[in-house]
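Participant: Mind looking over this structure? Questions follow.
Taken together, the values in this text are just the output of simple stated rules run on the coordinates, not laboratory data. The model shown is predicted, which means the values in this text are computed figures rather than measured ones. For neighbour counting, all protein chains shown are included, and Cβ atoms are generated from backbone atoms with ideal geometry for every residue, glycine included.
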Amino acid sequence: MSDLESRYVDLHRNPELSFEEHRTAGIGADALRAAGCEVTTGIGRTGVAGVLRNGAGPTVLLRADMDALPVREETGLSYASTRVATNSQGIEVPVAHACGHDMHVTWLLGAAESLAARRDSWSGTILFVLQPAEEAGGGARAMVEDGLFDRFGTPDVALGQHLAPMPAGHVLTRSGLAMSASDTLHVRLFGRGGHGSRPEATVDPVVLAASTVLRLQTVVSREIGATDAAVVTVGAMNAGAKENVIPDEAELQLSIRSFAEPVREKVNEAVRRIVRAESTASAAPREPEITATASYPPTVNDEAATEALTARFREEFGPDQVRDGPLITGSEDFGEFGRAAGVPSVFWFVGGIDPARFAADGTLAPGPDVPSNHSAQFAPTLHPTIDTGVRTLVTAALSYLSN
Ligand SMILES: [Zn+2]
Ligand SMILES: [Zn+2]
């Protein structure tokens, strides 16, 4: 365990942004090679695959994501990140593992070492996947499109896990739909600028943007049934620089969440229709530009596989430590692997916060001071978190590979 702790601390101190995970990938590749895997790097830019062959039997894919976030860490830990990096827009930003992907890598490498050391107790093949750019939304697809399954074989099941702001030592599973689909859009609305005193000679993109934002609120309230769920958030709205200048254009950035494919299609179509129609209503000189910048499928856990795994986790950790997880409006690109391979997948959560910070009534309700993922204060307690996440992966893999 001390080896895994020092590996975690090293990864935590040295976070890397999406698709920049060169150092992390190198450490992962070395550790997988040392565990006896055939290792290939540079898949989908910075992804790593390690294949551990051990006779006849099924193939199990185990996945960890590697990237960190542009967040300035404020945990006060002795091993807090002080790293800065240049983002894809050329801007220098602080970087921290505020989502816990450093823990995910630590768990995966710990599981590889543990499974390699007990080859006599299982047979089959394990495909270890270190994925880039989960936060940017393109990492899983980049690996699949770079031939992950053509080159290393199609697995029989895809398994993954995430660190959660839940008590350390607890595991949360959920059968069926578990996390939302996410679509993000950048929109450029075109007007015709001019003097603020003569709006009649312009097409004002500020009014066009304001009208568009308000009309977009009707997508969920007027077009989606009350028993379905979706979210449309305009998180950024930028136009203009001075009170007496009507600018030429305005920009919107949208986040769309949904749980069912028909709802997802309907919301995305309605958003596009409204953006185009509001431009027409304003007599815009050009059609708006609508760019999809990221897209995650919903996370759907295979029901039979989830029930079987949950039973194994209850045997391993005890029934009180393994709970039913809630439906989450957050999103993940893990679902790409099972979808592309056409096989069942299961994604579960492992708690990482000191249990003393939770209500004593057993409801797992976090206190108000428990920071969640993406917070500058998010800091998992290392024990038993490291051990729990290694054991979940090993238990899950062995449930397919040992007789
Ligand atoms: Zn995250
Ligand atoms: Zn994450």
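Participant: 222 nm [θ] for the chain, helices only, -39500 (n - 2.57) per DSSP H run of 4+, per residue, to 500? Show your work: numbers first, answer last.
Facilitator: Working: 10 runs with 128 residues, N = 403.
Value at 222 nm, helices only, nearest 500: -10000 deg cm²/dmol.
Participant: How far apart, in nm, are two points set 7 Å out from the Cα along the Cα-to-Cβ line at Gln253 and at Gln217?
Facilitator: 2.2
Participant: Continuing with the same structure: If you average the C-alpha positions of the range 310-346 and of the range 104-139 separately, how far apart do those two centres end up, in angstrom?
Facilitator: Between the Cα centres of the range 310-346 and the range 104-139 lies a distance of 16 Å.
Participant: Name the most mobile residue of Asp120, Asp102, Asp302, meaning the one with the largest mean-square fluctuation, in a Gaussian network model of the chain with Cα contacts below 10 Å.
Facilitator: Asp120
Participant: Take each of the peptides 149-162, 105-118, average the number of other beta-carbon atoms within 10 Å over its residues, and list them starting from the highest.
Facilitator: Values: 149-162: 20.6, 105-118: 22.4.
Packing order, densest peptide first, comes out as 105-118, 149-162.
Participant: Can you give the angle from 0 to 90° between the axis of helix 101-117 and the longest principal axis of the chain, with both taken from C-alpha atoms, to the nearest 10?
Facilitator: Taking Cα atoms only, the helix is inclined about 20 degrees.
Participant: Where in the range 151-182 does the label zone of Arg53 land, with the point 7 angstrom along Cα→C-beta and an amide N cut-off under 19 Å?
Facilitator: Under 19 Å, as judged by backbone N against the label point of Arg53, lie 151-157 of the range 151-182.
Participant: So, one more: For the chain, set up a Gaussian network in which alpha carbons nearer than 10 Å are linked by springs, and say which option among Phe19, Phe347, Phe358 fluctuates the most.
Facilitator: Comparing Phe19, Phe347, Phe358 in a Gaussian network model of the chain, the most mobile one is Phe358.
Participant: Something else now. Kirkwood hydrodynamic radius, the range 181-295, all distinct C-alpha pairs: what's the number in Å? All intermediate terms of the calculation are to be shown ahead of the outcome.
Facilitator: Details: mean 1/r = 0.0684 Å⁻¹.
When all Cα pairs of the range 181-295 are included, the Kirkwood radius is 14.6 Å.
Participant: Need one number for the range 342-381: average projected area of the convex hull over its C-alpha atoms, nm². Can you show the working numbers first?
Facilitator: Values: hull surface 17.5 nm².
With the hull built on Cα positions only, its mean projection is 4.4 nm².
Participant: Sort 37-44, 121-128 by packing, meaning the average of other beta carbons within 10 Å per residue, with the highest value first. Present the calculation step by step, with values, prior to reporting the outcome.
Facilitator: Details: 37-44: 17.9, 121-128: 20.5.
The densest-packed peptide leads the list: 121-128, 37-44.
Participant: Counting just the Cα atoms, what span does the range 3-123 cover along each of its three principal axes? Round to the nearest Å and put the largest first.
Facilitator: Taking the Cα atoms of the range 3-123, the three principal extents are 50, 30, 19 Å.
Participant: Another question, if that's okay. For the chain, what D do you get in µm² per second when you plug the Kirkwood radius from alpha-carbon pairs into Stokes-Einstein at 4 °C and 1.567 mPa s?
Facilitator: Numbers: Rh = 22.7 Å.
The calculation lands on 57 µm²/s.
Participant: OK, next. Please compute the volume of the convex hull spanned by the alpha-carbon atoms of the range 107-157 and report it per residue in Å³.
Facilitator: Considering the Cα atoms of the range 107-157, their hull volume per residue is 93 Å³.
Participant: Among Val203, Val350, Val51, which one moves the most in a GNM of the chain with springs linking Cα atoms closer than 10 Å?
Facilitator: Greatest mean-square fluctuation among the candidates belongs to Val203.
Participant: Return the distance in nm (one decimal) between the two label points of a simple spin-label model at Glu38 and Ser2, each offset 7 Å from Cα along Cα→Cβ.
Facilitator: 3.7
Participant: Given His170, Ala80, Met237, which one lies farthest toward the positive end of the charge dipole of the chain, if we put +1 on the Cβ of every Lys and Arg and -1 on the Cβ of every Asp and Glu?
Facilitator: Met237
Participant: A further question on this structure: Using alpha carbons only, how many degrees (0 to 90, rounded to 10) separate the axis of helix 261-281 from the longest principal axis of the chain?
Facilitator: For helix 261-281, the angle is close to 20 degrees.
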